[in-house]
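Let me begin by presenting the structure, written as structure tokens, before commenting on it.
The values are calculated or read from the model by the stated rules, or taken from the named source; none is laboratory data. Quick caveat: nothing in here was measured; it's all calculated off a predicted structure. As a convention, Cβ positions derive from the backbone with ideal geometry for all residues, glycine included, and neighbour counts pool all protein chains shown. Accessible surface is based on the protein model in full, side chains and every heavy atom, while ligands, DNA and RNA are left aside. Shrake-Rupley method; radii C 1.70, N 1.55, O 1.52, S 1.80 Å.
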Amino acid sequence: MSEFLRIAIQKKGRLADGSLRLLEQAGLSVFRNPGALTCRAKGLPIELLFVRDDDIPSLVAKGVCDLGIAGENVLREEALLAHEPVDLQSVRALGFSRCMLKLAAPNTGTINSLPDLQGVKIATSYPGILGAFLRDNGIEAECVPLKGAVEIAPALGLSDAICDLVSSGATLAANGLGAFATVMESEAHLVRASALWSEEKEALLARLLRRIDGVIASRATKYIMLNAPKSALAEITALLPGADAPTIMPLAGRDDQMAVHAVCRETIFWDTLEQLEARGAHAILVLPIEKMMG
Ligand code: ATP
Ligand code: ZN
């Protein structure tokens with residue numbers, strides 16, 4: 001029988017879309033019947049298992065699935081709470097589902113730094129990670145474990161502070177909370193157990209990884225086009241992040257201006273665009289790149 005890889009991914013939630021998009025961009029087509037818990041992908045011999053994200057670490061560690069896609073927060077929590085060591089290793093950081101586990105407290109209260117946590121109650125869905133953080137920082141506080149809706153715990157009088165996942169901070173603000181410390185940063189990882197695989201299975205993983213690496217590289221890479229005054233060309237091209245030698249062309253009818261085109265291999269942030277604009281660049285376009293080779 002020829003080998004296939006079984007990958008555990010989140011059924012529904014903040015990891016699910018990113019996980020499926022990555023696998024689809026890596027060339028797998030997934031036709032999932034509503035309600036089905038498994039699905040055989042087309043494109044590579046891979047079977048997907050759709051589960052709750054909290055179950056992914058143990059499904060992979062126990063060998064039920066060969067690989068899993070889970071957030072570092074869930075992986076670390078599982079490792080800290082398990083009674084025996086969890087056999088898991090990261091194969092790739094995947095760059096999506098980025099978030100931070102933060103400590104926050106009501107804006108109107110007196111808790112706004114780590115020392116203020118001494119002796120208070122902190123609600124969290126991550127008692128393992130929070131407990132380790134408090135020990136490392138010499139803080140004695142009481143963890144109030146909650147599975148969800150952690151942000152409303154202070155308003156309900158259940159806790160004085162919270163430790164919860166944050167991406168934009170909008171949920172905290174909507175609940176009158178302000179973050180004052182970061183406990184950990186997290187992104188999705190592809191993980192496997194240390195068990196030895198057949199040569200065929202290892203070759204399949206290597207093939208999947210080559211494709212995933214291509215997807216990750218093309219996501220960060222953008223094509224940037226702008227018009228710049230000749231006098232500021234050196235300054236402007238020096239600002240382009242991770243750019244190869246740019247193409248510089250004259251602009252018809254504008255002797256003082258040039259068009260600059262470049263492939264940027266690093267994320268282009270809004271502040272870079274503002275700095276370019278401040279140096280006289282205009283008509284700035286940032287375009288996605290679908291596939292790359294060579
Ligand atoms: P499940 O039903 O699978 O247990 P869940 O409710 O535990 O789902 P989600 O809210 O879907 O989990 O989040 C899954 C993961 O997505 C988190 O563990 C975290 O790694 C990541 N994540 C990214 N951004 C955020 C965010 N803003 N808030 C919470 N989690 C986030
Ligand atoms: Zn979960």
Taking the range 170-186 and keeping residues within 18 Å of the chain's Cα centre (by Cα), surrounded by fewer than 16 Cβ atoms within 10 Å (Cβ to Cβ) and either among the polar types (S, T, N, Q) or assigned to a loop (DSSP other than H, G, I, E, B) (or both) leaves T182
Which of the residues that make up the range 65-123 are among the aliphatic types (A, V, I, L, M) and more than 21 Å from D53 (Cα to Cα)? L103, A104, A105, I111, L114, L117, V120, I122
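Please list, ordered by residue number, the strands (runs of 3 or more DSSP E) wholly in the range 114-169 having 3 or more residues that are closer than 14 Å to A104 by Cβ and within 16 Å of ligand 2 (Cβ to nearest atom). Quick ask: steps written out before the conclusion?
Numbers: elements: 121-124, 142-145, 161-166.
Output list reads 161-166.
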Looking at the range 12-60 only, could you name the residues that are farther than 25 Å from A195 by Cα, within 16 Å of ligand 2 (Cβ to nearest atom) and open to solvent by 60 Å² or more (accessible area, probe 1.4 Å)? K12, R14, D17
Name the single residue that is farthest from ligand 2 (Cβ to nearest atom) among those in the range 187-203 being outside any helix (DSSP H, G or I) and not aliphatic (A, V, I, L, M). S198
Can you find a residue in the range 218-232 that is without any contact (Cβ under 8 Å) to a residue 12 or more places away in the chain and either open to solvent by 40 Å² or more (accessible area, probe 1.4 Å) or among the aromatic types (F, W, Y) (or both)? no
Please list, ordered by first then second residue, the pairs with beta carbon atoms under 6 Å, 6 or more apart or interchain, first in the range 86-107 and farther than 19 Å from R219 by Cβ, second modelled with pLDDT of 95 or more and among the charged types (D, E, K, R). V86/E78; M100/E185
When the residues of the range 155-169 are narrowed to those that are among the hydroxyl-bearing types (S, T, Y) and touching a residue at least 24 places away in the same chain (Cβ under 8 Å), which ends up surrounded by the most Cβ atoms within 10 Å (Cβ to Cβ)? S159
For H189, only one of the following conditions fails: (1) surrounded by fewer than 20 Cβ atoms within 10 Å (Cβ to Cβ); (2) touching a strand residue (DSSP E or B) at 6+ places or on another chain (Cβ under 9 Å). What is its number? (1)
